[in-house]
Each structure stands twice: as structure tokens, then as C-alpha cells.
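The values are calculated or read from the model by the stated rules, or taken from the named source; none is laboratory data. Given the structure is predicted, the values throughout are model-derived calculations rather than measurements. Using ideal geometry, Cβ is built from the backbone for each residue, glycine included, and neighbour counts are taken over all protein chains shown.
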Amino acid sequence: MVEGGAGGTAARFSLTVAVMLLLAACNEDAGGKAQAKNPPPAPPTVTVAKSLVRRLTEWDEFTGRFEPVQQVGVRARVSGYLQEVHFNDGDIVEAGQLLFVIDPRPYEAAADRIKAQIGEARAQLELARLEQQRTERLVSSSAAAKAVLDQRNAELEAAEAKLAAAEAQLRDAELNLGFTRVTAPFKGRISNRRVDVGNLVSDQTLLTTIVQLDPIYLAFDMSEADFLAYQRAVQKGELPSTRNRETIVSAHLVDEAGWPHQGTMNFVDNVVDRSTGTIRARAMFPNPDNLITPGQFGRIRIPGSRAYDALLIPDAAIVTDQSRKIVLTVDGENTVRPKIIRPGPSQSGGLRIVRRGLEPDDRIIIDGLIRARPGAKVTPEDGRIEPGPTEMADGAG
């Protein structure tokens with residue numbers, strides 16, 4: 001009984017071990033089948049593209065205000081009643097065009113009076129000359145004293161001086177008479193008349209104003225830092241001086257797209273304003289159709305570099321990591337590699353210049369950044385960086 005019981009126990013133990021091994025084999029087989037049914041996920045898909053290479057010029061933009069090249073307040077230079085007005089308010093007037101007439105009669109009378117005085121002075125001068133000549137002959141024949149000749153010489157000089165004074169008075173009178181006809185000093189647009197016909201005007205009365213429209217200035221202020229950067233670039237020969245009146249600039253009005261107006265720099269001030277830390281600069285633009293009016297705002301851009309081949313990428317592809325700017329690139333093994341870049345100024349169309357940190361052949365992630373992790377694998381799909389329509393219209397290159 002004892003032996004039979006021990007044998008039965010051993011048999012049951014062997015059967016239990018066999019069942020456990022069978023169950024373990026079944027579990028392993030089931031686990032293998034489960035793993036075969038659920039393979040590991042594929043790397044995330046991202047869109048990659050090489051940088052857009054374009055030859056362009058960097059531009060610095062400023063806001064300014066248009067100013068007339070010439071502006072004059074037309075004033076009366078003599079007193080009198082305003083007699084005539086020869087323009088319509090807001091007209092374009094030509095240089096020398098008659099604008100106002102002040103009653104000339106008092107000045108005509110003054111000129112006529114002085115002309116009569118000149119006639120009298122000439123007669124007296126002729127008489128003094130004859131007396132001097134007669135006395136000179138008498139002195140030469142010892143028929144008159146030398147003192148009498150000296151007196152006749154003095155009388156002749158006095159008559160000449162009197163005639164010269166009268167002629168000077170006539171020039172002054174004729175000048176005042178000419179001032180009764182007020183003319184335009186240059187071509188431009190005239191304002192409204194400030195005085196109506198029949199009013200008494202006096203010396204320095206403002207009658208109207210005229211501004212020259214073609215060409216026209218655009219004045220703007222640049223910061224001391226921008227000005228110093230330009231000075232450094234000029235010293236290195238990277239940019240022409242903005243003071244040599246040859247730098248080509250562009251501008252547009254508040255309702256215009258692109259940069260349709262082309263002009264040249266013609267002035268940079270000689271001091272930096274201590275209160276604002278800016279320096280005044282100015283460019284000149286042709287305005288043949290008189291579209292631009294003094295006082296309007298405008299946007300101006302001036303070249304910040306010479307033309308060069310620049311790398312352009314979308315702003316959306318740039319990641320900010322504290323103070324650093326990073327783009328995520330994909331290497332030949334489809335691994336994400338971050339690169340620190342130094343971005344430059346933004347260009348139209350959502351593209352930005354990369355000054356340093358990228359190579360033309362680098363494949364950067366332009367879509368799917370949130371699915372990419374540095375050092376992880378990705379599935380890259382080829383894309384392209386295209387310039388936006390605004391950039392093409394601007395012609396920034």
C-alpha cells in the first residue's frame with residue numbers, strides 16, 4: 001500500500017508538470033500570435049524640403065512723411081487794395097504766372113513823379129557842365145579866378161549826384177510798382193486765396209501758399225543703431241554711401257501693394273537727435289502725375305545689403321528654444337537632427353532669410369513638427385518651399 005501510494009503520487013506529479021509545460025507552450029504560442037497581429041507603429045510622417053535659394057537684396061523699411069521740395073508763402077510786398085485774383089483755388093500754377101494784382105496807381109504816380117525829377121536833374125547837370133566848361137576856358141586865359149573854377153566843379157559833381165539819386169529812386173519806385181503784380185515763383189499746386197478782392201493788404205500779408213509736387217521728398221527717421229550699421233557697412237565697402245545721392249530706394253503709399261515708386265537718397269542729417277536717438281534722412285521721388293501730396297505718410301525701403309544668394313525658409317519651420325532659433329532637419333537615415341540657426345530679416349510671403357546654420361542641401365521639416373522628436377525616426381515626404389504671391393509681386397530680389 002505504501003509503495004503503491006508513492007507510485008501514484010509520482011505519477012500524479014509527472015502529469016501535473018506535463019500539464020504546466022503544455023499550458024506554458026500554449027501561452028508562448030498565443031503570445032507569439034498576438035505579437036504577430038500587433039506590429040510596432042511606423043515612424044511619423046513629416047514633410048521635408050530643401051531651403052529656397054534666391055538672389056536678393058535685403059531691405060530695411062521705415063515709415064516717413066512726404067514733404068515738398070519747395071514751399072513758399074506768397075506775401076504782399078507793398079501796401080494797397082487787392083484789385084485782381086488770377087487763379088482758382090487749388091490750381092496747378094506755372095512759374096511766372098500772374099496770381100494777384102494790387103492797385104498799382106499810387107506806385108505809377110510815384111514813378112512818374114520821380115521821372116520828372118530825373119528830367120529836372122539832367123537839365124541841371126547839363127547847365128552845370130556848361131558852366132564848368134566855360135569857367136575852365138576863362139581860367140586858362142586868366143580871365144577868371146581859379147576859385148571860380150573850383151566852385152563850378154563842385155556844382156557839376158552835385159548835379160551828377162542829384163541825378164544818380166533820382167535814378168535810384170526811380171528804380172525803387174519801379175520795383176514797388178512791379179510788386180503790385182504778384183506771380184508764382186515756381187510750378188506747383190496753389191492753396192486757396194487768403195484775401196479777397198477789395199481788401200487792403202499791407203507789407204507781409206500772406207496771400208496764399210504754393211508747394212512743388214514734382215519731384216517730392218520722403219523724410220523719415222532711422223534709429224542710431226540702424227544708422228551705425230549703415231556707417232559700418234559703408235566703411236567695409238559692402239554698401240554705397242547714402243550721402244552720395246546714388247542709392248536707389250523704393251516706396252509705397254498706404255493703399256499700395258509692392259513698391260511702385262523708385263527714387264534716390266539725397267540727404268542724411270549731420271547730427272543724431274539726442275532726445276529721440278534718431279537721425280533724419282530723406283529721399284527724392286518723381287511725382288509726374290501729382291499723385292503724392294505733401295503731408296501723406298509713406299513706407300520706404302533702402303538696401304541693407306548687396307545682392308547675394310540667400311537661403312529662405314518658412315517662418316513656421318523655425319522653433320524657438322529659449323533664446324535660440326532651431327530648425328529640425330532629417331538626415332540620410334531619416335533621423336531628426338536639430339540645427340541652431342541665425343535668422344535674418346523676414347521677406348514677403350512668410351519666408352525668412354537664414355544667415356547661418358543651414359546648408360543648401362539640408363532637408364528641413366516644414367510640416368509635421370509636432371510629430372518630430374530630435375533623435376527619433378520619421379517617414380519623410382518630399383515637399384517644396386514656394387515664394388508667396390506677395391513676394392513675387394514685390395520683386396525683392
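Here are a few things to note about the model shown:
- Search result, residues across the stretch 313-326 that are surrounded by fewer than 18 Cβ atoms within 10 Å (Cβ to Cβ) and of a type outside the set (Lys, Arg): ASP315, ALA316, ILE318, VAL319, THR320, ASP321, GLN322, SER323, ILE326
- Close Cβ contacts (under 7 Å, 6 or more residues apart or on different chains) running from residues in the stretch 290-303 that are of a type outside the set (S, T, N, Q) to residues that are surrounded by fewer than 18 Cβ atoms within 10 Å (Cβ to Cβ) and assigned to a loop (DSSP other than H, G, I, E, B) comprise PHE297/VAL254; PRO303/THR57.
- Check on ARG189, within 30 Å of ILE102 (Cβ to Cβ), part of a strand (DSSP E or B) and basic (Lys, Arg): yes
- Residue ID - nearest to THR247 (Cα to Cα), chosen from residues in the stretch 39-73 that are of a type in the set (A, V, I, L, M, F, W, C) and modelled with pLDDT under 85: TRP59
- One residue alone among ALA316, ALA310 is in a helix (DSSP H, G or I), modelled with pLDDT of 85 or more and within 37 Å of the chain's Cα centre (by Cα), and that residue is ALA316.
- Annotation: of all residues in the stretch 270-282 being of a type outside the set (S, T, N, Q) and surrounded by 15 or more Cβ atoms within 10 Å (Cβ to Cβ), the one that is farthest from VAL69 (Cα to Cα) is VAL272.
This table checks each residue for (1) surrounded by fewer than 17 Cβ atoms within 10 Å (Cβ to Cβ); (2) part of a helix (DSSP H, G or I); (3) modelled with pLDDT under 85.
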site: GLY90; (1), (2), (3): yes, no, no
site: TYR107; (1), (2), (3): no, yes, no
site: GLU120; (1), (2), (3): yes, yes, no
site: ALA154; (1), (2), (3): yes, yes, no
site: ALA158; (1), (2), (3): yes, yes, no
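Let's see how each residue does on (1) at pLDDT below 90; (2) assigned to a strand (DSSP E or B); (3) over 14 Å from the mean Cα position of the chain (by Cα); (4) exposed (fewer than 14 other Cβ atoms within 10 Å of the Cβ):
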| site | (1), (2), (3), (4) |
| --- | --- |
| PRO240 | yes, no, yes, no |
| ASP289 | no, no, yes, yes |
| LEU328 | no, yes, yes, no |
| VAL336 | no, yes, yes, no |
| ILE340 | no, yes, yes, yes |
| PRO343 | yes, yes, yes, no |
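- Whichever residue in the stretch 355-365 is modelled with pLDDT of 90 or more and assigned to a strand (DSSP E or B) and, among such residues, is surrounded by the most Cβ atoms within 10 Å (Cβ to Cβ): ILE364
- Pair list, Cβ under 8 Å, 6 or more apart: the stretch 262-283 residue assigned by TED's automatic domain parsing to the domain that holds PHE220 and on the phi < 0 side of the Ramachandran plot, other residue surrounded by fewer than 14 Cβ atoms within 10 Å (Cβ to Cβ) and in a strand (DSSP E or B): GLN262/ILE248; GLY263/ILE248; THR264/ILE248; ILE279/ASP273; ARG280/ASP273
- Of the residues making up the stretch 315-359, those that are in contact (Cβ under 8 Å) with a residue 40 or more places away in the chain and among the aliphatic types (A, V, I, L, M) number 10.
- From the options GLN71, GLN83, GLN169, residue that is surrounded by 16 or more Cβ atoms within 10 Å (Cβ to Cβ), under 30 Å from LEU207 (Cα atoms) and of a type in the set (S, T, N, Q): GLN169
- Within this structure, PRO374 fails the test of being touching a residue at least 24 places away in the same chain (Cβ under 8 Å), part of a strand (DSSP E or B) and more than 33 Å from the chain's Cα centre (by Cα).
- Failed condition for TYR217, given (1) surrounded by 14 or more Cβ atoms within 10 Å (Cβ to Cβ); (2) in a helix (DSSP H, G or I): (2)
- ARG324 vs. criteria assigned by TED's automatic domain parsing to the domain that holds VAL254 and either at pLDDT 90 or above or under 30 Å from PRO43 (Cβ atoms) (or both): no
- Figure legend. Inter-residue proximity from the stretch 231-246: first residues small (Gly, Ala, Ser), second residues part of a helix (DSSP H, G or I), beta-carbon distance below 6 Å, spacing 6+ or different chains. Indicated pairs: SER241/VAL234.
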